[in-house]
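Enquirer: Handing you a structure now.
The values are calculated or read from the model by the stated rules, or taken from the named source; none is laboratory data. Only a predicted model underlies this, so the values are computations on that prediction, with no experimental measurement involved. Don't worry about glycine lacking a Cβ; one is built from the backbone with ideal geometry, like all the others, and counts go over all protein chains shown. Just the protein is used for accessible areas: all its heavy atoms, side chains included, with ligands, DNA and RNA removed. Shrake-Rupley method; radii C 1.70, N 1.55, O 1.52, S 1.80 Å.
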Amino acid sequence: MTVGLLMAKLAARHGLQVAGYPEYPSLIQGGHNTFEITVAPQTTPDPIATKKTIDCLVCLTAETLPLHASRLTPDSLVVYDPAIFQPTAEQTVARLVPVPLSELQAGLKADKIMINTIAFGASGALFGSSQQDVVALIADQFAGKKSTAVAEINQACVTAGFTYIATHFPELMRPTLTLTTDPALTQLVMTGNDAFSLASIAADCRLYVSYPMTPTSAVLEILSAFQSSSEMVVKTAEDEIAVIATALGASFAGVRTAVGTSGGGFALMVEHISYAGIAEIPLVILLGQRPGPATGMPTWTEQGDLLFAVHAGHGEFPKIVLAAGDLSEMAQLTVKAFDLADRYQTPVIILSDKYLAESARSVPNSVFTALQATTPDRGKLIGLSPADAPLDPAVKYERYAVTDDGISPRLIPGTAGQYYQANSYEHLPDSHTSEDGIVRVQQVDKRARKMETYLREDWAAPAVTGSLSDAKLVMVTWGSQMIPCGAAQTLLACEGIQTALIHFTHLYPLDRAVISQLFASIKVPILLVENNATGQLGKLLMEEVGVEISDKLLKYDGRPLFQEEVMAAVRKRLQITE
């Protein structure tokens, strides 16, 4: 995983777009682990996606080649150690590049695990980087983190791998790339979890609580490293029930809070989500999806929790569900989620998945420098600032006052002379429990009006890429599957096949009138593309809008869609042969 991330950083330093995707089994130790890196010039339209074809396969174990042989072509390179295994003629038609990794490691008296560092040096040589740039990256990686001796032996290992390729396979080395010096091309390499974490800090989140659960576990570690500078408390609770209860208590007290989990943990939070709905307590929930049900495949990817998120909680109450497609959207939607939670005093769920959460991708610096200008919108919050006008003690404060927009003023607890309950029972405007039928209807209607206000003021229609009028086919998707669909759209255009892409980020509630009008304008075939087995966005569109999409491309084997799979599906629908 470390070497995969280094390879991604190396490509980004050369001004290339990068998409890195790790796969690993749900084991404490062992199993087959991979880290795939896809690169493209920055002039290539975003996004780039994981490819099915492998150009260079680096094998650190004997099982790697047979597991991935079907993805190789005659132009592919296979780097392997002859001391570990010898490829058979049946295993590959690719160009073999034997590198004595273990022999080089033994000669350097390096730890056996440093074979991967030698392989990184060899990969850097084949990739087109200079030896100086590869060594410099290793030096930066260990600067201030490890002893001088550890840093030096890793630099020696990467040099050995690079030198071996330069000496024995110079004809396979691509033209030497140069480091980018153009500020406009300077990029960060990070994961979706990184993007959520940095955006949470920018949004002034002061408490993040979580119980470690793939694929959101890393957020705990990322935010913990920023605790002293961000003034955020990062807490691991004993289970997901304690996680959300802790977060709601802090939010009630007036600080912005967030929790992170996956499907099984989210299931334990559902009762408290209902409580947040009726008590009208803001909360941001990062829900990183993985294949279920139950434990399912905990280290793989899927989009199986959309309808669960939409319908989470007993009873009827407002909630907002968002889904990011890439790192930029994750940053922007995270900041917006905190504002929405405060404005509408309700849970806001951000859907991610393993593909987005753990993939290392390049993103322009500007996306995150822009976050520095973030000014939180706390909505109708009273008592947070000394500048807030004092409440008239002669007027009784009503926490759940009936308002035209459905949003009642929220008072920070502890304001002198004012008291209220964060009541889980149905209640009067002043927060006391009530079972009166008229009061019940008033409060249900008041809470429901929040969503009317949201749809009018803050909801965003799905983004449309390409021309609906010129397209031969329209793809519809949500969340991270925007990446393979967007990449396929670009590549299909190069073949003269024009498509359009409708990408949803604001998934619930939905504006029926806007979406109905959008789909009514489409006169060509529509293909629903999702990383699940039942087409959950399609079901939601039918339920909420009355739009039915019968043709679906669904993948649910724990792997994300390859761009080639999307392209093949489009060609098939249009009856176009390759």
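Enquirer: Which whole number of Å³ per residue matches the convex hull of the alpha-carbon atoms in the stretch 52-117?
Expert: 79
Enquirer: Here's something else I'd like to know. Normalised by the number of residues in the stretch 477-518, what is the relative contact order in percent for Cα pairs under 8 Å and 6+ residues apart?
Expert: For the stretch 477-518, the relative contact order is 43 percent.
Enquirer: Run the numbers for GLU152 and ILE438: contour at 0.36 nm per residue of separation, minus the present Cα-Cα distance, in nm.
Expert: Difference between extended and current length: 95.4 nm.
Enquirer: Also, quick follow-up: Using +1 at the Cβ of each Lys and Arg and -1 at the Cβ of each Asp and Glu in the chain, identify which of PHE85, THR301, ALA500 lies farthest towards the dipole's positive end.
Expert: PHE85
Enquirer: So if each residue of separation counts as 0.36 nm, and I subtract the Cα-Cα distance between PHE85 and GLU63, what length gain in nm does that give?
Expert: On the way: separation 22, 0.36 × 22 = 7.92 nm, distance 0.91 nm.
Once the chain is fully extended between PHE85 and GLU63, it gains 7.0 nm.
Enquirer: Mind checking the angle between helix 482-494 and the chain's longest principal axis? C-alpha axes, 0 to 90 degrees, to the nearest 10.
Expert: 60
Enquirer: Give the accessible surface of the chain per residue, rounded to a whole number of Å², with probe radius 1.4 Å and ligands, DNA and RNA excluded.
Expert: Details: 24350 Å² over 578 residues.
Here the residues of the chain average 42 Å² of exposed surface.
Enquirer: Applying the Karplus parametrisation 6.51 cos²θ - 1.76 cosθ + 1.60 with θ = phi - 60° to the phi angles of the stretch 525-538, what ³J(HN,Hα) value in whole Hz is obtained for each residue in order, glycine and proline being reported as x?
Expert: Ordered by residue, 3J(HN,Hα) equals x, 10, 10, 7, 10, 9, 9, 8, 9, 10, x, 5, 5, x Hz.
Enquirer: Carbon and sulfur: what percent of the chain's accessible surface (1.4 Å probe)?
Expert: 55
Enquirer: Under the rule of -39500 (n - 2.57) per DSSP H run of 4 or more residues, summed and divided by the residues of the chain, what mean residue ellipticity at 222 nm is obtained, to the nearest 500 deg cm²/dmol?
Expert: On the way: 20 runs with 222 residues, N = 578.
Helices in the chain give a 222 nm mean residue ellipticity of -11500 deg cm²/dmol.
Enquirer: Okay, next question. Can you tell me the length gained on complete extension of the stretch THR44 to GLU578, counting 0.36 nm per residue apart and subtracting the Cα distance? Before the final figure, lay out the partial values.
Expert: On the way: separation 534, 0.36 × 534 = 192.24 nm, distance 2.21 nm.
Going from the current span to full extension adds 190.0 nm.
Enquirer: So, one more: I need the peptides 493-504, 103-114, 137-148 ranked by packing, meaning the mean over residues of other C-beta atoms within 10 angstrom, with the highest value on top.
Expert: 493-504, 103-114, 137-148
Enquirer: Charges on Cβ only, +1 for Lys and Arg, -1 for Asp and Glu, centred on the Cα centroid of the stretch 173-310; of ILE278, LEU179, ALA247, which one is farthest towards the dipole's positive end?
Expert: The residue sitting most towards the positive pole is LEU179.
Enquirer: State, to one decimal in nm, how far the label point of LYS472 lies from the label point of GLU457, with both points 7 Å from Cα in the Cβ direction.
Expert: 4.6
Enquirer: Could you tell me what percent of the DSSP beta bridges with both partners in the chain are antiparallel, to the nearest 5? Please report the intermediate quantities before stating the final value.
Expert: Values: 20 of 65 bridges.
Here the antiparallel bridges make up roughly 30 percent for the chain.
Enquirer: Still on this structure: Put PHE252, PHE85 in order of accessible area, largest first, 1.4 Å probe: what do you get?
Expert: Working: PHE252 65, PHE85 25 Å².
Of PHE252, PHE85, the descending order of accessible area is PHE252, PHE85.
Enquirer: So, R0 is 45 Å and r is the distance between the beta-carbons of GLU316 and PHE226; what FRET efficiency does that work out to, to 0.05?
Expert: 0.75
Enquirer: Given the options PHE317, GLY383, ALA533, identify the residue whose Cα lies farthest towards the positive end of the charge dipole of the chain (+1 on Cβ of Lys, Arg; -1 on Cβ of Asp, Glu).
Expert: In the chain, that residue is ALA533.
Enquirer: Let me ask something additional. Distance in nm between label sites at ILE28 and TYR425, each 7 Å beyond Cα in the beta-carbon direction?
Expert: Between ILE28 and TYR425, the label points sit 4.9 nm apart.
Enquirer: Going by the alpha-carbon gyration tensor, a ≥ b ≥ c the square roots of its eigenvalues, is the stretch 368-461 rounded (a/c under 1.5) or, if a/c is not under 1.5, prolate (a/b greater than b/c) versus oblate?
Expert: Here the stretch 368-461 falls in the oblate category.
Enquirer: Taking LYS380 as the anchor, which lysines have their alpha carbon closer than 19 Å to its alpha carbon, excluding any fewer than eight residues away along the same chain?
Expert: Straight-line reach from LYS380, under 19 Å: LYS319, LYS336, LYS396, LYS446, LYS450.
Enquirer: Sort out for me the Cα centre separation of the stretch 1-75 from the stretch 323-345, rounded to whole Å.
Expert: If we compute the Cα centre of each part, the gap is 29 Å.
Enquirer: Just to confirm my numbers, what's the Cα centroid distance between the stretch 278-302 and the stretch 423-474 in Å?
Expert: One Cα centre to the other: 22 Å.
Enquirer: Is the stretch 267-419 rounded, prolate or oblate when judged by the Cα gyration tensor, a ≥ b ≥ c being the square roots of its eigenvalues, rounded requiring a/c under 1.5 and prolate requiring a/b larger than b/c?
Expert: Note, shape of the stretch 267-419 comes out oblate.
Enquirer: Follow-up question, since we're still on this one. How much FRET efficiency would the formula 1/(1 + (r/R0)^6) give for LYS380 and MET297, where r is the Cβ-Cβ distance and R0 is 45 Å, rounded to 0.05?
Expert: Efficiency, from the Cβ-Cβ distance: 0.55.
Enquirer: Here's another thing I want to ask about it. When we measure straight from the Cα of LYS146, which aspartates and glutamates land under 15 angstrom away, once same-chain ones fewer than 8 places off are left out?
Expert: By straight Cα distance, LYS146 reaches ASP111.
Enquirer: Which of the residue pairs LYS52/LYS552; LYS9/LYS112; LYS472/LYS572; LYS472/LYS555 have a Cα-Cα distance greater than 18 Å in the structure shown?
Expert: LYS52/LYS552; LYS9/LYS112; LYS472/LYS555
Enquirer: Next question. Pairs of alpha-carbon atoms within less than 8 angstrom and 6+ residues apart define the contacts here; what relative contact order does the chain have, in percent?
Expert: Details: 1172 pairs, mean separation 72.2, N = 578.
With pairs under 8 Å counted, the relative contact order is 12 percent.
Enquirer: Something else: Using per-residue counts of other Cβ atoms within 10 Å, averaged over each peptide, order 191-204, 313-326, 436-449 from highest down.
Expert: Put in order of decreasing packing, that is 191-204, 313-326, 436-449.
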